[in-house]
Structures are given as C-alpha cells and as structure tokens.
Amino acid sequence: MVMQDGHGERDVQDALLDYINARYAPEDSLLRDVLETARAEGLPSIQVSPALGKLLALLIHISGARRVLEIGTLAGYSTLWMGRAIPQAGSLISLEVEPRHANIARRFIAQAGLDDRVEVRLGPALETLQLLTDELQFDMAFIDADKENYPRYLDWALRLVRPGGLIVADNVLRGGDVLEAGATDASTKATQTYNDRVAADPRLEAIVLFTRNGTGGVDGVSVARVSDDVSVAAEQYYRE
Ligand code: SAH
Ligand code: DHB
Ligand code: MG
C-alpha cells in the first residue's frame with residue numbers, strides 16, 4: 001500500500017484526487033485557461049476542484065435541471081462546468097460582486113459559446129437576489145460566495161428553487177472549523193448555522209460530501225433536495 005511506502009496520508013489523498021480528476025473530470029484547454037488567467041490576474045485560487053465541477057455537471061444531468069442559479073462566479077470556472085451541462089434552452093445566472101471577476105468570467109463564457117444561456121449579474125448577491133423574483137423557479141442553486149451570508153443565501157434558495165430542485169453549497173466544513181463549539185469567527189458561525197438548518201429543515205433531504213480545497217485542507221459540499229411532498233410543504237406553510 002502506498003501509505004506504507006513512506007507516504008503520509010495527505011500524499012495519498014492528493015494522489016487519489018489526481019487519480020479521480022484525471023480519469024473522471026479531465027479539463028479541456030478552456031477550463032485550464034480559466035485557472036491560468038485567474039492566477040495571472042491575481043485572483044484567489046479558490047475554484048471548485050475538477051471533481052466538484054464534474055459533480056455539479058452530473059447533478060444537473062441527473063436531475064434534469066434547466067435553470068440554475070450560482071452565487072459567487074469568480075473567473076467562471078464552476079460556471080463553465082455547469083453551463084456546459086445545461087441544455088441550450090436552459091439558463092444559468094451567476095451572481096458576482098467584483099467587476100474584475102465578472103469581466104473575466106464573461107470573456108470565458110463567450111469563448112465557450114455559452115453566452116446564449118449563461119449570464120453574470122454584477123452586484124452584491126443579496127441585492128441581485130431581490131431583483132430575481134420575476135424569474136422565480138430555479139431547478140438548482142449553487143452557493144459559493146461570502147460565507148457570512150450562507151444562511152441568507154439558504155433563505156433565498158428555499159424561496160427560488162422549485163420543489164424537487166437542488167440546493168448545493170461549497171465549503172461547508174472549512175478545514176474542520178465547523179467542529180469548534182462556541183466559534184466566534186463570523187464565517188465559521190454562519191457555516192455552522194447553514195449546516196444545522198439544512199440538516200433540520202423538514203423540506204430538505206441532504207448530505208455533505210468530503211472535498212479538498214485548493215491548499216489541501218479538508219472541506220465539504222452540501223447537497224440538498226427540496227421536498228416535492230405537498231404535505232411537507234403545507235406543514236411548513238402553516239408553521240410559518
Ligand atoms: N464558484 C467559483 C468560486 C467562487 S469564489 C468557482 O468555483 O469557480 C467566491 C466569489 O464570490 C468571489 O469571486 C467573490 O468576489 C464573490 N463574492 C463575495 N461576496 C459576494 C457577494 N456579497 N455577492 C456576490 N459575490 C460575492
Ligand atoms: C476558500 C475556498 C473556497 O472554495 C471558497 O469558496 C472560499 C475560500 C479557501 O480555501 O480559502
Ligand atoms: Mg468555494
């Protein structure tokens with residue numbers, strides 16, 4: 001076994017992640033170009049891994065999602081994985097607060113030939129979300145922006161995602177920080193709130209899958225399905 005050959009557990013996990021990415025989630029030159037450009041432009045290297053990009057695409061295909069909402073575009077890496085998975089008649093709206101990030105992402109969306117279905121909306125997500133109400137009913141939401149607002153993004157996702165749809169969120173384990181009882185860090189506290197609420201909400205059926213972040217730390221992605229059981233929805237309605 002590799003671990004007994006003097007490799008640490010971390011090395012094995014890195015090697016296995018490479019093994020998975022190379023077989024199951026190979027990047028084409030455009031996806032590699034997004035990462036290279038983002039790095040050259042000084043953007044943080046906090047994109048989803050190829051494996052997580054592939055999982056997002058797979059969730060879209062499995063669920064038949066046509067309308068997808070993303071919160072947190074950066075250079076458009078996860079946006080391209082998802083945009084390539086939605087049908088031509090579908091749409092992906094991605095929310096980004098930094099003009100520089102949005103502009104880079106828009107360039108790659110055009111280069112991918114996806115600007116007929118993928119759109120980046122500039123502004124603080126909580127403000128843009130208010131303006132989305134006439135476009136209600138997404139099939140899937142992917143939350144990956146400022147962690148402090150995860151509970152508020154969850155509220156919006158529950159409002160905007162249809163029964164039977166998916167609410168996915170990156171970085172819900174934060175290198176183990178969520179284990180800390182009485183945490184004071186705002187991002188950690190908000191992530192704990194997000195996980196506790198998703199786990200306890202009778203409208204959601206959910207799990208967290210382990211992931212690794214860019215610096216090799218352990219992290220997780222939360223995958224939740226909104227119930228389409230009318231009795232659950234009605235019960236929730238009468239409780240509110
Ligand atoms: N989903 C991307 C990574 C997103 S990184 C990928 O995997 O490729 C998080 C992004 O959220 C950053 O670009 C940051 O500028 C953006 N962001 C942070 N706070 C935000 C807010 N309040 N509204 C919208 N976007 C925000
Ligand atoms: C980090 C990773 C992310 O995926 C993200 O969305 C934000 C921050 C990080 O590793 O710091
Ligand atoms: Mg993330």
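The values are calculated or read from the model by the stated rules, or taken from the named source; none is laboratory data. Bear in mind that the values here come from a model prediction, so they are computed numbers and not experimental data. FYI the Cβ positions are ideal-geometry reconstructions off the backbone, even for glycines, and counts take in every protein chain you see. Surface areas here come from the heavy atoms of the whole protein model, side chains and all, with no ligands, DNA or RNA. Shrake-Rupley method; radii C 1.70, N 1.55, O 1.52, S 1.80 Å.
Before moving on, here are some points about what is shown:
- Exclusive hit being within 21 Å of residue 129 (Cβ to Cβ) and surrounded by fewer than 13 Cβ atoms within 10 Å (Cβ to Cβ), set 200, 190, 157, 186: 186
- Residue that is of a type in the set (S, T, N, Q), at pLDDT 95 or above, touching a Phe, Trp or Tyr at 6+ places or on another chain (Cβ under 9 Å) and buried (at least 18 other Cβ atoms within 10 Å of the Cβ), where the choices are 73, 79: 79
- Considering residues of segment 110-120 that are part of a strand (DSSP E or B) and surrounded by 17 or more Cβ atoms within 10 Å (Cβ to Cβ) only, the residue nearest to ligand 1 (Cβ to nearest atom): 120
- Close pairs (7 angstrom Cβ cut-off, 6 or more residues apart or separate chains): within 11 Å of ligand 3 (Cβ to nearest atom) and open to solvent by 80 Å² or more (accessible area, probe 1.4 Å) in segment 39-66, in a loop (DSSP other than H, G, I, E, B) and modelled with pLDDT under 95 anywhere: 46/214
- Looking only at segment 125-138, residues that are open to solvent by 60 Å² or more (accessible area, probe 1.4 Å) and either near ligand 1 (Cβ under 10 Å from one of its atoms) or not hydroxyl-bearing (Ser, Thr, Tyr) (or both) come to 6 in all.
- Residue within segment 87-106 that is open to solvent by 50 Å² or more (accessible area, probe 1.4 Å) and free of Cβ contacts under 8 Å to residues at least 12 places away in the same chain present: yes
- If the condition is being closer than 22 Å to residue 95 by Cβ and more than 16 Å from ligand 2 (Cβ to nearest atom), then segment 32-68 contributes 37, 41, 57, 59, 60, 63, 65, 66, 67, 68.
- Of all residues in segment 206-227, those satisfying the criterion of being surrounded by 13 or more Cβ atoms within 10 Å (Cβ to Cβ), over 18 Å from residue 159 (Cβ atoms) and modelled with pLDDT of 95 or more are 208, 209, 219, 220, 221, 223.
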